[in-house]
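Working notes for the structure below.
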Amino acid sequence: MTTPPAPPPAPTPIEDAHLATRRITRLSVGVAVALIALKAFALGASGSVSILASLTDSVLDLVASLAAFYAVRWAAAPPDEDHRYGHGKGEALAALVQAGLVFASAVFIGWEGLHRIFDPRPVTSGGWATGVIIVSIALTAWLVWMQTRALKKTGSMTVAGDRAHYAADLAANLVVLIGVISGAFLKAPGLDAAAGLVVAVWLFWGATGMLKAAADHLLDRAVPEADRSAVTHAVLADPRISGVHQLRTRMVGSVMMVQMHVDLDPDLTLDAAHAIVVEAENRILSHFPSADILIHADPRGVRPQISAQIAAQIAAPTPGSTPDTTSSAPASSAAQPGRKGPWS
């Protein structure tokens, strides 16, 4: 009797997240292509500056979505010899590209809007233009809803950036709709140009938020206080752990990197201390399944001290430097017992 083949292993949380990000970025590229085709047709029929602004934004959306499409696949690559922490920061680089493109879009649309205010042109074929914008609003709203679902599942910075500029597009399209109706049916082309300026300001504001988020990620900003508190409470749930210090957190893509020192009974065996640390890691993983955790066990009541050799190296002046003779503080103050590091 032959044994049936074993079922394939279930995907891990991080693999599931990567699959979701690949799917949603593929969808955003498809929606961007559809929106470009619709708005190009509407621009040819109407000549509306609001439609031009929206079309320009959609072209840049496609470029940004393509950047996100490739970034999430590169970021999902496993760690290698040259990238021991993985490739997750590729998502932050993609977000920088997205922010730059949105900034460029805002400048172009603002310039065109100002030009049309001083040289207004009539909006023609208002019915076609209005219909295209309504369809664009529906498509964009559906994509933002899908991206919101994916973001709750993955926490991907690339998906968040993609959703941010499509959400801005959603609001911008509403303004464009007002501009087209004003220019075509109310015979007020100046309002159409003004609507383009509103779109430009909206895009500039959205790009600023994207840029800040990407910079925080690349500069290893700590995760929010609520998440750090959840990590600390999960570790201290075991009464055998009496303290947590030197807690450090950062994000690498959708993976939260966690490092800390914990205080344990100095009489524990290495095996027992290891078991306590593993249980603490599992409690953190129950809250943050994709976290990468490193916990160092310290004997309770014993603070690490700098050796005399290291203290001498710290106190020694660097080549070419001039010793500071104006201070009366000891040269090797870093070697004082009980001194803590900057993350204590």
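So the values come out like this:
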| quantity | calculated |
| --- | --- |
| Relative packing of 62-69, 27-34, which averages over residues the other C-beta atoms within 10 Å, highest first | 62-69, 27-34 |
| Added length on full extension, which subtracts the Cα-Cα distance from 0.36 nm per residue, Thr208 to Trp74 | 45.8 nm |
| 12 Å Cα-Cα reach of Lys89 towards aspartates and glutamates, excluding residues that sit fewer than 8 places from it in its own chain | Asp216, Asp220 |
| 15 Å cut-off, amide nitrogen to a point 7 angstrom out along Ala226 Cα→Cβ, residues in the range 134-173 | 152-153, 155 |
| Under 19 Å from Lys153, Cα to Cα: aspartates and glutamates that are on another chain or at least 8 residues apart | Glu15, Asp16, Glu91, Asp162, Asp227, Asp292 |
| Potential extension, Trp142-Leu219 segment - 0.36 nm per residue separation minus Cα distance | 24.4 nm |
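Each reported figure results from applying straightforward, stated rules to the coordinates on display, with no laboratory input. Being a predicted model, the structure only gives us computed values, none of them experimental. Note that each Cβ is placed from the backbone with ideal geometry, even for glycine, and that neighbours are counted across all protein chains shown.
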